[in-house]
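Worksheet: the structure to be examined is printed underneath.
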Amino acid sequence: MDRPVALTHVIGFLAGLRECFTAPGFFYFQQFVQAFWLGAERRTVTQVCRFAASSKHFSNFHRFLKTYQWV
């Protein structure tokens, strides 16, 4: 599957989950899903931060994973 088609699927998948998160939480969740789905490198928090090309500090990405209840 090429990247444009895959990105369309990712965006559609994420749209259904938007209401499960706060606005900042959804940003981080979206970055993790996109990096894991589309990234070719190792799937680490630091790589997700790099993939996101965000000015946010990588500790914010760690905090997101630590804070939410993942049950």
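The values are calculated or read from the model by the stated rules, or taken from the named source; none is laboratory data. A quick note: this is a predicted structure, and the numbers were derived from the prediction, not measured. Note that we place each Cβ from the backbone using ideal geometry, even for glycine, and neighbour counts take in every protein chain shown. Ligands, DNA and RNA are excluded from the accessible area calculation, which covers all protein heavy atoms including side chains. Shrake-Rupley method; radii C 1.70, N 1.55, O 1.52, S 1.80 Å.
Observations on the model:
- Theoretical gain in end-to-end length, Ala53 to Trp70 [0.36 nm per residue, Cα-Cα removed]: 3.6 nm
- Selection of chymotrypsin sites (Phe, Trp or Tyr not before Pro), the chain, meeting DSSP coil and at most 16 other Cβ within 10 Å: Phe21, Tyr68, Trp70
- Each label point was placed 7 Å from the Cα along the Cα-to-Cβ direction; for Thr8 and Thr46 their separation is 3.6 nm.
- Equivalent-ellipsoid semi-axes of the chain, from the Cα gyration tensor, Å, largest first: 19, 16, 10
- Accessible area per residue for the chain, computed on protein heavy atoms with a 1.4 Å probe, is 72 Å².
- Accessible surface of the chain [probe 1.4 Å, protein heavy atoms]: carbon and sulfur percent: 60 percent
- Sparse-neighbourhood loop sites, trypsin sites (Lys or Arg not before Pro) in the chain - DSSP loop, at most 16 other Cβ within 10 angstrom: Arg42, Arg43, Lys56
- The calculated 222 nm mean residue ellipticity attributable to helices in the chain amounts to -20500 deg cm²/dmol, summing -39500 (n - 2.57) over DSSP H runs of n ≥ 4 and dividing by all residues.
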